[in-house]
Amino acid sequence: MAADTSLRERRQLLLAKQDLRGEAFCHAYAHEADQWLSGVADRAVGTSNRHLALLAVGGYGRSSLCPFSDLDIVLLHNGHREIKAVADAIWYPVWDEGVHLDHSVRRPAEVLQVAAEDVRVALGLLDGRVVWGDQKVAEPLLEKARQAWRDTLGTQYLPTLETQMKERRLAAGDVAFLLEPDLKESHGGLRDINVLRALSAYAPLLSEYADLASLAHATSVLTDIRVELHRLHQREHDKLLLQDQDHVAEVLGFADADVLMGAVSEAGRQIAWVSDDVWRRRRLWDPSPVPRRRFRRAAAEPAPPLESATFADPDMAAVDGEVALTALAPVSTDPSLAFRLAATAAELDLPIARGSLHRLADRMPPPADPWQPEVLAALLRLLSAGRPAIDKIESLDQLGLLVRLIPEWAAVRNKPQRNAYHTFTVDRHLLEAAALASELAGTVERPDLLLIGALLHDIGKGFPGDHTDVGMDIVRTMATRMGFPESDVDILVDMVRFHLLLPDTATRRDLDDPTTIANVARAAGSRVTLHLLGALTSADSRATGPSAWGSWKAGLVADLVGRADRFLAGDQAPEEPEPIPPAYRDLMAEVRASGQPSVSLEPPQVVVATLDRPGLFSAVAGALALNGLDIRAANIGGEDGVAVEVFTVEVARGTWPDTAKLRQDLAKVLSDQSNLGDRLDERQRLYPAPRPTAARVPSTKVTVDNHASDTSTVLEVRAPDQIGLLHRITTALYETRLDVVSARVATLGELVIDSFYVREASGAKVTDDDRLTEVTAAIAASLST
């Protein structure tokens, strides 16, 4: 490239080469930066560069320079008289290029002093190299910096690095499981790779305990994607957003974005597994000397070592603080060993010895069909250990042992769920659900079925077709193979069949309707299964993500389970509807006296009393939306011409509205002094929809259910979430002359599922086909505007 070509032009020429990707791009860009900076430095000093050197450190020092990463440079000197002028003559051209620069000007002794005070400087020097100048100034410094890292700084900064890793994980999550991971900062990302390099430079023994070479492919995958994100956004951008995943997948030759995210998950898991294992085994590779005791006489007795006698299992032993198989363990004949080894390690919260994992991977046979009883017993023991079991199962999975024992696991391994509703990949979600289910084992009659049901309830997501229907067939096969009797297999299949029954019913159906309770009870069939479904719902929802579970939903599910449990116990008499509470009657009296609406805010409920009129529900729903309230449920009642509407709501933005303002808005809406539709449209413009958090835009669908209630028709509307949606739907219902008795709203990420109990003006259900077509068409039209 021509010597006078600017650095920015050099970068753009490289970016224009669409086949120049990943690490190859980084090396090429670093080379161009070297050439350009050398020319700048030559012009800055004239004919002599004695006692001066430019050092590239950090990522630039490794020649791993992504398109819009900073240039990390140290201008090194030995007392140059005009050093400020030289520095300015180098830095200003870089700034003029619009290239981010992280720079310093120091003598060698100053560099070493700062490295002793700043871990970032010390790490950067480990990758330092000379870009330009006097090698005699730079090379001794770099050697001293590396030696200092090995002798003192590594020991000094080890706790800092470990703390930083934990903090990054808390702040940025895991590359392997996030919908939109930060490829650099998330756990299992490129930052962890750099820390592992630093640890290996400090501790030569590390290579005996960690296979760092195995991370080359994972590093390459993440670097390829990171370079493409920079290329796409034309700036430093390390977060793989949902909206970019299809483009990146196409450019890098992946079949689709799901395959891309599967590769990201695999890479992140591999890096995180090695990194976590390195830190767990720190005492094995850390060369830090053991502090000497000043006074032997006062020294405390050392803690007794963990001996193999500690284990009840004769095939297990403790070796250097890890759980290992004994030399005589029947690795070639006993397929329960992998689960037993992991269970022991989980119960003691100790690492599994790598050598034992490799022995199992080389020689352990698959279980029989059906399983030997000890294999199932070992799996249940492992799952009963709760959260510590997740890391141990991950260790089995990394060596291919989990798939050998449970072949169907391969279909969900690293399977992405590309929407913000789900926090984890399918496989990690199942492990999280099983861990959470272990906490509820004491609440059910069959904890063994709860653990297996939680582990397998979404196994169908790895196969074509509806995941529930497919999962039922797969679980029947798996549970039979595991050795469960037929009656237990039937319960496990029902747990898959109905794993969404309770949350869907609780949030979309009227629990005061006796038909709702009867339908759930009859579906469960027994109290044993009902209790299992209740515990599974809690574990599944909590493992799904924060938007899938909360106190409101937990209360609804508990109420539903309690009512269905009483039904199955023989108490099948319908519950009498609660009378209007005295507080509501006070609101109704205010309305009769003033003729104006009355409002009570009792978080999470808003109670509205007003003179009854057609279209009231739609108007009130719109007024609540104007005040930033998202309706989750609504019940409508009243007497003698005064309606009482009770709304369960969540605050969409900001804080709860002022009662006086809400009452004023309601009065305007109900007196037709407010153009409600225009005001809702304006609010939608002021608060535009957030950027997509799901791979596919939810489709709009209207369904009719005339079996969910004996007294009402249930209309279920699925649509993308937006401000004023409930008002638009209920306006359509009003215009088709239907009365809304109650409503339920469930939000699943970007999808809203609104359920309305409606009746004709005569009080009858809507059963005429032409009438139902008219209603569903009106709702669909309201959603398309």
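The values are calculated or read from the model by the stated rules, or taken from the named source; none is laboratory data. Note that the coordinates shown come from a computational prediction; the quantities given were computed from them, not determined experimentally. For neighbour counting, all protein chains shown are included, and Cβ atoms are generated from backbone atoms with ideal geometry for every residue, glycine included. Remember, those area values only see protein heavy atoms, side chains included, never the ligands or the DNA or RNA. Shrake-Rupley method; radii C 1.70, N 1.55, O 1.52, S 1.80 Å.
Values computed for the structure shown
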| read-out | value |
| --- | --- |
| Residue check, residue 708 under 26 Å from residue 549 (Cα atoms), modelled with pLDDT of 90 or more and not basic (Lys, Arg) | yes |
| Close pairs from region 18-33: first small (Gly, Ala, Ser), partner surrounded by fewer than 17 Cβ atoms within 10 Å (Cβ to Cβ) and at pLDDT 95 or above, Cβ under 8 Å, at least 6 apart | 22/220 |
| Top-ranked residue of region 336-366 - restricted to ones that are over 33 Å from the mean Cα position of the chain (by Cα) and either among the hydrophobic types (A, V, I, L, M, F, W, C) or outside any helix (DSSP H, G or I) (or both), ranked as farthest from residue 395 (Cα to Cα) | 365 |
| Selected residue (criterion: surrounded by the fewest Cβ atoms within 10 Å (Cβ to Cβ)) from residues of region 227-243 that are modelled with pLDDT under 95 and in a helix (DSSP H, G or I) | 243 |
| Output for region 342-356, where each listed residue is out of contact with any Ser or Thr (no Cβ under 6 Å at 6 or more places or on another chain) and among the aliphatic types (A, V, I, L, M) | 342, 343, 345, 346, 348, 350, 353 |
| Residue match in region 81-98 (condition: over 35 Å from the mean Cα position of the chain (by Cα) and crowded, with 21+ Cβ neighbours inside 10 Å) | yes |
| Enumeration of residues in region 447-475 that are free of Cβ contacts under 8 Å to residues at least 12 places away in the same chain and under 14 Å from residue 417 (Cα atoms) | 467 |
| Subset of region 221-232 [in contact (Cβ under 8 Å) with a residue 40 or more places away in the chain and out of contact with any Gly (no Cβ under 6 Å at 6 or more places or on another chain)] | 221, 222, 225, 226, 228, 229, 230, 231 |
| Filter pass, residue 178 being at pLDDT below 95, open to solvent by less than 60 Å² (accessible area, probe 1.4 Å) and under 18 Å from the mean Cα position of the chain (by Cα) | yes |
| Enumerated helices (runs of 4 or more DSSP H) restricted to region 463-551, each holding at least 2 residues that are farther than 25 Å from residue 755 by Cα and β-branched (Val, Ile, Thr) | 467-482, 486-497, 527-544 |
| Count - residues of region 352-394 that are surrounded by 22 or more Cβ atoms within 10 Å (Cβ to Cβ), touching a strand residue (DSSP E or B) at 6+ places or on another chain (Cβ under 8 Å) and not hydrophobic (A, V, I, L, M, F, W, C) | 2 |
| Residue count for region 61-80, restricted to those that are open to solvent by less than 50 Å² (accessible area, probe 1.4 Å) and either touching a Gly at 6+ places or on another chain (Cβ under 7 Å) or closer than 19 Å to residue 111 by Cβ (or both) | 11 |
| Every pair of residues 6+ apart whose Cβ atoms lie under 7 Å, when the first sits in region 331-355 and is farther than 15 Å from residue 317 by Cβ while the second is aromatic (Phe, Trp, Tyr) and modelled with pLDDT under 95 | none |
| Count of region 607-629 residues which are among the small types (Gly, Ala, Ser) and surrounded by fewer than 18 Cβ atoms within 10 Å (Cβ to Cβ) | 1 |
| Residue that is at pLDDT 95 or above, of a type in the set (Val, Ile, Thr), assigned to a helix (DSSP H, G or I) and open to solvent by less than 60 Å² (accessible area, probe 1.4 Å), where the choices are 114, 131 | 114 |
| Residues (in contact with a helix residue (DSSP H, G or I) (Cβ under 8 Å, 6 or more places away or on another chain), within 24 Å of residue 483 (Cα to Cα) and basic (Lys, Arg)) located in region 322-367 | 340 |
| Flag for residue 600 being of a type outside the set (A, V, I, L, M), modelled with pLDDT of 85 or more and assigned to a strand (DSSP E or B) | yes |
| Hits in region 729-755 (condition: part of a helix (DSSP H, G or I) and open to solvent by 50 Å² or more (accessible area, probe 1.4 Å)) | 734, 735 |
| Elements of type helices (runs of 4 or more DSSP H) contained in region 1-70, each with 2 or more residues being basic (Lys, Arg) | 7-15 |
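Every residue, every condition in (1) open to solvent by 40 Å² or more (accessible area, probe 1.4 Å); (2) over 23 Å from residue 710 (Cα atoms), yes or no:
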site	(1), (2)
493	no, yes
510	no, no
523	no, no
528	yes, yes
536	no, yes
540	no, yes
547	yes, yes
559	yes, no
